[in-house]
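Working notes, beginning with the structure itself.
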Amino acid sequence: MLENIFNLISEHILGPAVGLLVPAGYASNALYTLEVLVKISAILLPLLFCVAYLTYAERKIIGYIQCRLGPNRVGFFGFRLWGLGQPIADVVKLIFKEIIIPAGANKRLFVIAPILAMAPSLAAWAVIPFDETLVLADINAGLLYILALTSLAVYGVIIAGWASNSKYAFLGAMRSAAQIVSYEIAMGFALVCVLIAAGSLNLGRITEAQSGSILHWYWLPLLPIFLVYFISGVAETNRAPFDVAEGESELVAGFHVEYGGMAFSIFFMAEYANMVLISVLTAVLFCGGWLSPFQGMPFLGDQPFLSEPNIAWLLIKTSVFLFMFLWFRATFPRYRYDQIMRLGWKVFLPITIIWIVVVSGMVVAGVGPWFN
Amino acid sequence: MPEIRNMTMNFGPQHPAAHGVLRLVLEMDGEVIERADPHIGLLHRATEKLAESKPYNQSIGYMDRLDYVSMMCNEHAYVLAIEKLLGITPPVRARYIRVMFDEITRVLNHLMWLGAHGLDIGAMSMFLYCFREREDLMDCYEAVSGTRMHATYYRPGGVYRDLPAEMPRYQETSNRSRAEVKKLNEKRQGSLLDFIAAFVERFPGCIDEYETLLTDNRIWKQRTVGIGVVPPERAIELGFTGPMLRGSGVEWDLRRKQPYEVYDQLDFAIPVGVNGDCYDRYLVRVEEMRQSTAIISQCVDWLRDNPGPVIIDDHKLVPPQRETMKDDMESLIHHFKLFTEGYCVPEGEVYAAVEHPKGEFGIYLVSDGANKPYRLKVRAPGFVHLSSLDEMVQGHMLADVVAMIGTQDIVFGEIDR
C-alpha cells in the first residue's frame, strides 16, 4: 500500500514538477534525487513524531509505575486528551528559549556537537528494513553501516563535553567515551554472531533467514547474545541504569549540562532516536523483524491476517523493547562508572566471544531448525 | 611541561544530590576523590541566638525547623530540657503520645531518607513510593496539630492537646470526584488512633515492597556494599550516633541506654549492622522502621485503653482552658502572663538528649532564672556525621560521594541551625 502511495506521488507530483523546472537532460537524475528525498522524509518525519511521543510515553508510563498520573493537562482545542499535547508544548517552549553559549566555550564545536549526536541516529535508518521491499538503501553491508554510525554518535557527546569547558560536562564526556567504546566491542561481537548465524550483512536478508516460526527467530539460538545486545544497547544510548554520562545525582546533567533550549533538545531527541533505533535493531536482528510471531503455529498460524508478515509486527516488537527501556529506568538504581566497565569487559565480552564459537559450531553442524 | 594537578570540583550548593545546601569542594584524581571539604552555613538562621531572645515556649516552633524532616523529635529534646530544669513530669498519657509521635517521626524521617538515598543512587521510583506512605503520616501530624510539618505540638508539661476523636476527612472538590473521596476517606472514618492503627497494619507490607526493589538488587548492593566503611572504634571516636553508629555494629540507642519517657516499658529491638558500610546502614534504617511500627502499635493499644490528661495542671506553666478565662479572673491573669511574659525557669544548666532518627539530638540549656534561655546549644547529629565525610569518601569515586551523603542522612536545617 505504501508503495502505491509513493508511486502515485512520484507520478503525479514529482514527475510533472521535474518536467517543469529541470532541463530535459537532467530530468531523470533530478527525479531520482527528489524521490529519495521524499522517501527520507517518509522515514524521518514519522520517526521524529515517534521520538516526540516517546517522551510522552516515558513520562506517562513511569508516572503510572510510580503511582502518579504523568502529564495530563496539555491537550488540543480546549480538550485535555490525557495530556497528548505535552510533547508539542515542550518543543514550542524549547524552540523559543535562548541558546546560551558559555563564555569559555569553544563556540564552533559547541554548536556542532548536538548535530553530531543527532545525525548518526537519523542516518542509521537508511538501512532499516520495514518490510521485504520497504527499505531506503538495500545495501549488503547494512550491519557494518549500522555499526559504523552508532559508533559515530559518541563524538557528539565527547565534543559537547569538551567544548562546554565545564568540569561536570567534561567528566560526563570522559565517562561516556569510555563506556561507549567498551560496549561497542560487546555489541560488535554480538552482531558478528548474528552475521554468522544469518550468513549475511544485509538486514533484510537477516530477517528473512529467521522465518519459520517464533522459535526460528534468533533470540533462541543466540539467547545470551540477544540479552547482551539489548543490554549493551541500553548502555550505548546512555539510558538508566547505565546513564552515568548524565547521571543526574552525580553530574547534574553530565555532558549536556551547559546546553539549553533547542541545543539541549537535540541531544534529547538524539537519545530517544537512538532508543528507537536500538529497539528496532533488536527486533530485526533477534525477533524476526516484520515476521509474524504466529507464523507456523497450529491454529493461529492458519489465520491469514495473523500469520502474514506485516510492518505492524515490527512496530509492535519495537514498542515492546521501548517499553523495556522505560521499565528499566523506573526500576533500577544507577551503576557506578567502574562497575559498568567491569560488566562490559569482564562479563559481556567473554560471553560474546564464547558464543561466537558456539554459533559457528552450530552453523557448521547445521543444528536445526535454524541452521539446516 | 606543565605541572599535573588534581581537579578541584565544586559540588553544590546547587546540585541535585546536595540535600539542600551542602557545598563540597572535591579534590579529584580523575574520578577518585582525594579530599572532600564540606562547607556549611548556607542555611544558617541563628536558631540558637533567636531562642535567647524570646520566652521558652515561643522557641518550640524554631525547633521544628532545625531538622525539618523529623520535626517533633527536635521539639522533644527542647521540651525535655525545659522540663528537666523545671523539675516537672508530664502525665503518662502525654508521654505515650510523645513516644508515639517520636516514632511516627522516625518513620517519616527514614522514609524521606530512603527515598532520597534511592534517588541519589538512581532508583527513582523509590522516592515516590516512600512519599506515598509519608503522606499518611503527614496527615497524622495535621490531625493533631493543624500543620503537616512544623507541628509545635509538644509543650513543657505534656502536649498541646489530646488526640482528636475524629480523623479529618477529604472533601469533594471540582478535581476530586465522589468515588475518589470515598476511597481516600476509607481509613479516615474513625479516630486518629484508628487511622494510625490501620497504617501500622499496612506499613510492614510497604517496607517489604521497598525491600523487594532494593535489598537483593545486585546494582543496589554493588553501589552500597563496602562503600564508606567506618569501623566501630572509629565511629565512636568520630562521635557518631544513631543509625550511623549502629550500622557500624555498636549497640547504642538512647531509648534503651538512657530511657526517657516510656521507652523502658515498650518492647522493641535495636538493629545493628556488621560491616559499617552504606548497605548495613540501609538495613539498619529499614529495620528501625519496622521496630518503630511495632512501638507505634503498642502505643496505640495503650492510648486506646487509658484516657487521661495530656498536660500538667499547673497554670503557672500551662495556659488554662479558653472557656474558663471568660468568667474566671485568675485564669485570665494566667493566660495574660503566659502569653506576654511566659514563665521563668529556675537558674541552672541542663543537657537533654533524645534518640532522634539521625542520632543523638541534644539541647544544652543554660538558664539565669529569666523567662528566656541564657544560652541554648543544639547538638545536631548531622553536624558530627558531616564532619567525617572527608574521611569516609577518600579513595572512593564521585558516584560514591553521593551515596555517602545519602547514607549520612544529612539535613541542613540542623547542621547550619
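The values are calculated or read from the model by the stated rules, or taken from the named source; none is laboratory data. These numbers were taken from a predicted model, which means no experiment stands behind them. So basically every Cβ, Gly included, is an ideal-geometry build from the backbone, and we count neighbours across all protein chains shown. Surface accessibility is based on the protein's heavy atoms, side chains included, excluding ligands, DNA and RNA. Shrake-Rupley method; radii C 1.70, N 1.55, O 1.52, S 1.80 Å.
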Residue match in segment B:65-77 (condition: closer than 22 Å to B:ASP409 by Cα, open to solvent by 40 Å² or more (accessible area, probe 1.4 Å) and either outside any loop (DSSP other than H, G, I, E, B) or touching a Phe, Trp or Tyr at 6+ places or on another chain (Cβ under 8 Å) (or both)): no
Where a residue in segment B:390-402 is within 14 Å of chain A (Cβ to nearest Cβ) and its partner, wherever it lies, is of a type outside the set (Val, Ile, Thr) and assigned to a helix (DSSP H, G or I), with Cβ under 6 Å and at least six apart: B:VAL393/B:MET404; B:LEU398/A:GLU250; B:ALA399/A:GLU250; B:VAL402/A:SER249; B:VAL402/A:GLU250; B:VAL402/B:ASP120
Selected residue (criterion: nearest to B:PRO164 (Cα to Cα)) from residues of segment B:78-99 that are among the β-branched types (Val, Ile, Thr) and open to solvent by 10 Å² or more (accessible area, probe 1.4 Å): B:VAL92
Matching option when the condition is touching a Phe, Trp or Tyr at 6+ places or on another chain (Cβ under 6 Å), more than 29 Å from B:ALA123 (Cβ to Cβ) and away from chain B (no Cβ under 14 Å), among A:ILE88, A:ILE101: A:ILE101
Sole residue being modelled with pLDDT under 90, open to solvent by 20 Å² or more (accessible area, probe 1.4 Å) and not in a loop (DSSP other than H, G, I, E, B), chosen from B:LYS326, B:LYS316: B:LYS326
Pairs, first at the interface with chain A (Cβ under 9 Å from one of its Cβ atoms) in segment B:108-136, second open to solvent by less than 10 Å² (accessible area, probe 1.4 Å) and among the basic types (Lys, Arg), C-beta under 6 Å, six or more apart: B:ILE121/B:ARG223
Residue among A:SER182, A:SER151 that is of a type in the set (Ser, Thr, Tyr) and without any contact (Cβ under 8 Å) to a residue 60 or more places away in the chain: A:SER151
Subset of segment B:251-286 (residues that are out of contact with any Gly (no Cβ under 9 Å at 6 or more places or on another chain), open to solvent by 30 Å² or more (accessible area, probe 1.4 Å) and not charged (D, E, K, R)): B:GLN258, B:PRO259, B:GLN265, B:ALA269
Near pairs, Cβ below 7 angstrom, 6+ apart or cross-chain, from segment B:218-237 (more than 14 Å from chain A (Cβ to nearest Cβ)) to any residue that is surrounded by 15 or more Cβ atoms within 10 Å (Cβ to Cβ) and in a helix (DSSP H, G or I): B:VAL230/B:MET392; B:ALA235/B:MET244; B:ALA235/B:LEU245
Answer residue from segment B:364-400, given it is part of a helix (DSSP H, G or I) and under 23 Å from the mean Cα position of the chain (by Cα) and is nearest to B:LYS221 (Cα to Cα) among those: B:LEU389
Test for B:ASP102: is it in a loop (DSSP other than H, G, I, E, B), in contact (Cβ under 8 Å) with a residue 40 or more places away in the chain, crowded, with 24+ Cβ neighbours inside 10 Å and more than 14 Å from chain A (Cβ to nearest Cβ): no
For B:ALA352: the one exception among (1) under 30 Å from B:THR224 (Cβ atoms); (2) among the small types (Gly, Ala, Ser); (3) assigned to a strand (DSSP E or B): (1)
Of all residues in segment B:34-61 being in a helix (DSSP H, G or I) and open to solvent by 70 Å² or more (accessible area, probe 1.4 Å), the one that is farthest from B:TYR343 (Cα to Cα): B:LYS49
Extreme residue, modelled with the lowest pLDDT, among residues of segment A:212-258 that are acidic (Asp, Glu) and open to solvent by 30 Å² or more (accessible area, probe 1.4 Å): A:GLU248
